[in-house]
Amino acid sequence: MTPAFADPGAVARPLYIVTPDGLADLAARLGAVAAAWLTATGFKGDLGELRLLPGPEGAVVGAVAGYGTAAARRRLRFGLVKAVAGLPAGDWRIEGDLTRVERAEVALGWLLSAYRFGSYRKPKEAGLARLVCPAGVEAARIMAMARGEYLTRDLINTPAQDMGPGELEAAFVALAGRHGAAVSVVRGEDLLEQGFPMVHAVGRASPRAPRIMEMRWGAAGPALTLVGKGVCFDTGGLNLKPSNGMSLMKKDMGGAATVMGLAQMIMELQLPVRLRVIVPAVENVVAGNALKPKDILTSRKGLTVEVNDTDAEGRLILGDALAWAVEEPCDLLVSMATLTGAARVAVGPDLAPYYCDDAGLVAALEAGAAEGCDPVWRLPFHDAYESVIEPGIADLDNAPGFGFAGSITAALFLRRFADHPRYVHFDIYGHTPTEAPARPKGGVGQGARAVLCGLPGMLGL
């Protein structure tokens, strides 16, 4: 499906947005009948609370939505759009004393709340409430964010039977084709010949050949390279996951899906950058030729890696991809991966933890996260743990038995391959475990809007 605003000239019903403190003034504006109706139904202006306003003949002529307190809005992102589900289908316009930033959040949340994954089941809704883009809000920018997020969600939500390395490649090529980008792909045994041994080692057991994909777009401006983990399904390999640990592993390509969604936003908005996107795509499955515990791999960079856990495969394929990424200069390198359970334990499913040593990038990214309603949290590249990822028998250990700081040690592992002063790594979850405003249960992008909105400060655009 495609997100869309209502036509700017549409005859739209008003949706009055009001805080508890502003309820009396709104009631006076709406008149005695509407005021009595709000009082009789117990409307208090709580965040996401909704009342439909009946006209003289019983038809819905408008609605009132509660905006709650500032504290309530801080606690529940996109909370206002809880009200959208109760609106009749048709066109609506926002009425209320909102700032431009607040109007933009409502507009984005409204579009994101309309997302339905309908590939395997027809959506129940006969129609949706459409929003006329509020005054002062850049419709094209909000639409680009929503379209990129829809792409990410669709990719993550698609089961592995229909989203293996080949299907992810098809989606990658289709994205490039829509925007005139160039694509190259290295597959199967060619990975060994062209210097991607760890990508090959992780994916060789699957009958669906491993591959690494590259997209290039833009002829001028600063160089931005995005790298996303594309493990289309992760059984854990010979270190097999238990069944409950495997149940969500169709989302293990969430890093790839997120950088593809971000690339969609960048290209649609025609940002003045030279964009390069790299996605290694594999399945981590069990077969006679599968990667084994204690195998030692020689990476593209020349670093040797002892495989102490075949279920820590994402950092292996990213190692080769990051090493390739920095073989040519770039002004900013960003990697995204559903990498560790430790990150989820640390910050939960709603925050996107990231690593970065550059204070200027951090400040711009944090500002972008606020603008894009895309919360992030900085974790440290803690140098004191560097020795933990050095097993002695090889240069690096892909799964140290340290027992602590699993997300940090994974990030340090990746930094050995990235070797770039302007590097940002995201350890995302890529999934909403329970229904939330503008975020249906299932696949979700994290960090992409933060990066998009932060790019002016990160790259001087």
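Here are a few things to note about the model shown:
- Under 19 Å from the Cα of Lys44 - lysines, other chains or at least 8 residues apart: Lys82
- If the segment from Met1 to Trp377 were pulled out straight at 0.36 nm per residue, it would be longer than the present Cα-Cα gap by 132.3 nm.
- Packing-based ranking, highest mean first, of 229-238, 30-39, 103-112 given that Cβ atoms within 10 Å are counted: 229-238, 103-112, 30-39
- Value of [θ]222 nm, deg cm²/dmol, for the chain, DSSP H segments ≥ 4, -39500 (n - 2.57) each, nearest 500: -10000 deg cm²/dmol
- Overall form of the stretch 88-183 per C-alpha gyration tensor (a/c, 1.5; a/b vs b/c): oblate
- For the chain, the carbon plus sulfur part of the accessible surface works out to 55%, probe radius 1.4 Å.
- Separation of the Asp350 and Met246 label points, Cα + 7 Å toward Cβ, nm: 3.3 nm
- Net charge of Cβ neighbours under 14 Å - reference Val376; Lys, Arg +1; Asp, Glu -1: -2
- Neighbourhood charge, 12 Å Cβ-Cβ cut-off, centred on Ala364 and excluding it, Lys, Arg +1 and Asp, Glu -1: -2
- Förster radius 35 Å - calculated FRET efficiency between Thr434 and Ala40, Cβ distance, rounded to 0.05: 0.60
- Rounded FRET efficiency, nearest 0.05, which uses the C-beta distance separating Lys441 from Asp97 and R0 of 51 Å: 0.95
- Normalised per residue, the accessible area of the stretch 103-162 is 43 Å², obtained with a 1.4 Å probe and no contribution from ligands, DNA or RNA.
- Taking a sphere under 9 Å around the Cβ of Leu15 and counting the other residues whose Cβ falls inside, with K and R at +1 and D and E at -1, yields a net charge of +1.
- Label-point gap, in nm, between Val185 and Asn289 - each point 7 angstrom along Cα→Cβ: 1.9 nm
- Leu151 accessible area, 1.4 Å probe, all protein chains in place, Å² to nearest 10: 30 Å²
- Modelled spin-label separation between Val173 and Gln161, with each label point placed 7 Å from Cα along the Cα-to-Cβ direction: 2.4 nm.
- Cα shape, the stretch 304-353, gyration tensor, a/c 1.5 rule: oblate
- The length gained by stretching the chain between Ile393 and Tyr120 to full extension, at 0.36 nm per residue less their Cα-Cα distance, is 93.4 nm.
- Listed residues Ser113, Ser184 arranged by accessible area, highest first, probe 1.4 Å: Ser184, Ser113
- Principal axes of the chain: Cα extent on each, largest first, Å: 80, 44, 44
- Here the stretch 336-397 is treated as an ellipsoid with the same Cα gyration tensor; its semi-axes, largest first and in whole Å, are 27, 15, 8.
- Straightening the chain between Asp309 and Ala10 buys 101.8 nm, computed as 0.36 nm per residue apart minus the Cα-Cα spacing.
- For the stretch 322-440, the share of alpha carbon pairs falling in successive 10 Å distance bins from zero is 12, 41, 34, 11, 1 percent.
- Here's the list of lysines a cross-link from Lys241 could span, going by alpha-carbon distance under 30 Å and ignoring same-chain residues fewer than 8 apart: Lys229, Lys250, Lys251, Lys292, Lys294, Lys301, Lys441.
- Per-peptide packing, taken as the mean over residues of other Cβ atoms within 10 Å, places 239-245, 336-342 in the sequence 336-342, 239-245 from highest down.
- Rg then Dmax, both in Å and based on the Cα atoms of the stretch 141-287: 15.4, 48.
- From the C-alpha gyration tensor of the stretch 22-129, square roots of 5λ in Å: 25, 19, 12
- Whether the stretch 33-80 is rounded, prolate or oblate, judged on the alpha carbon gyration tensor where a/c under 1.5 counts as rounded: prolate
The values are calculated or read from the model by the stated rules, or taken from the named source; none is laboratory data. Nothing here was measured: the structure is a model prediction, and the numbers come from that model. Note that we place each Cβ from the backbone using ideal geometry, even for glycine, and neighbour counts take in every protein chain shown. Accessible surface is based on the protein model in full, side chains and every heavy atom, while ligands, DNA and RNA are left aside. Shrake-Rupley method; radii C 1.70, N 1.55, O 1.52, S 1.80 Å.
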